[in-house]
Amino acid sequence: MRSESHKLLDTVVLYLRNAARVTVLTGAGISAESGVSTFRGSGGLWRDSRPEDLATTHAFMNDSLRVWQWYEYRRELISQAKPNAGHRVLAKWKTTFQTFSLITQNVDGLHERAGSRDLIPLHGSIWKVRCLNNCIKSPASWTDKSVPFNRLPPLCPDCGSIVRPDVVWFGESLDYKNIEAAFEASRCDVFLSIGTSALVRPASEFVKYAKSNGSFTVELNLERTTISDYVDISVHDKAHTSLCYLDEGLMRK
Ligand code: OAD
């Protein structure tokens, strides 16, 4: 890690030491070190398709098999992945601060596997499915960790309709309870935006809301993003490296 990053992170440690309420928003970049591809940038494409063209109701209605093949590819990748040191630091921080909130755009479940609880999962879970027909017999959504499914697209065991991943697609509404909880959590002393391109709303709004309410705002990302100039401190390095450095700094207190 460059000494320039160290200096910036040392300042973040000072703010974290005095913080009672800390909130973190994560995106795909935190799972990159676990081998899970991000959505945008190099490696973000799947068979020449952009996620924005696959993660929509329109794409699913047009070709549910293709969309399910993409999800099955990702489920397989994620099932082989392990939480990394960045996920583990965030799981630990639940007991480091008086109030710690974790908002994630990720559907991979790696935060939970690292031990994070009570997180705000904005975009759902890749391990949950729901009946496209909303049939009365099946639950609203259920966990199915089959990799691979014995049939694609998988079918509802109760009515035989196609099931869909229980994730939020482009153009769909997020659960209002999650949005409310995320805005509430964004009223904090320190807000960290980690491994996200900050291009997808409403997730990208929380850091702005936090700053407008007086939070000290931090970005940890490998590269510059649209919020790099907006936040108080932006550190360009791997998420798990920066998080481990911050955690070590906090332990030195
Ligand atoms: P993106 O793929 O848009 O952005 C990933 C970010 O992670 C980029 O800014 C990278 O620079 C950064 N990054 C990559 N490797 C990193 C590392 N090792 N350490 C730190 N940063 C790293 O992913 P998201 O911002 O999560 O939505 O995308 C937001 C939403 O768009 C996703 O939840 C998904 C997607 O379409 C839905 O499916 C609804």
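Laboratory data are not the source of any read-out in this text; all were calculated from the coordinates shown. Values in this document were obtained by computation on a predicted structure and should not be read as measured data. Every residue, glycine among them, receives a Cβ derived from its backbone with ideal geometry; neighbour counts consider all protein chains shown.
Rounded to two decimals, the Cα radius of gyration of the stretch 55-151 over 2.2 N^0.38 Å is 1.26. Each of Pro157, Gly171, Cys188 was scored by the projection of its Cα onto the charge dipole of the stretch 122-253, and the greatest displacement toward the positive side belongs to Pro157; charges sit on the C-beta of Lys, Arg, Asp and Glu.
By DSSP, what percent of the beta bridges with both residues in the chain are antiparallel, rounded to the nearest 5?
25 percent
Please figure out what share of the DSSP beta bridges in the stretch 173-253 is antiparallel and state it in percent, rounded to the nearest 5. Taking every DSSP beta bridge with both residues in the stretch 173-253, the antiparallel ones total about 0 percent. By how many degrees, 0 to 90 and rounded to 10, does the Cα axis of helix 203-212 deviate from the longest principal axis of the chain? Between the helix axis and the principal axis of the chain, the angle is about 30 degrees.
Among Ile30, Ile227, Ile162, the largest mean-square fluctuation in a Gaussian network model of the chain, built with springs joining Cα atoms closer than 10 Å, belongs to Ile162.
Evaluated at q = 0.14 Å⁻¹, the base-10 log of the normalised Debye intensity for the stretch 156-253, with identical point scatterers placed on the Cα atoms, takes the values -0.65. Considering only alpha-carbon pairs that sit under 8 angstrom and 6 or more positions apart, the relative contact order computed for the chain is 25 percent.
Is the shape of the stretch 1-129 rounded, prolate or oblate, going by the alpha carbon gyration tensor and its root eigenvalues a ≥ b ≥ c, with a/c under 1.5 for rounded and a/b larger than b/c for prolate? The shape class here is prolate.
With the cut-off at 1.5 for a/c, could you classify the stretch 119-158 from its C-alpha gyration tensor as rounded, prolate or oblate? It is oblate, given that a/c is not under 1.5 and a/b is not larger than b/c.
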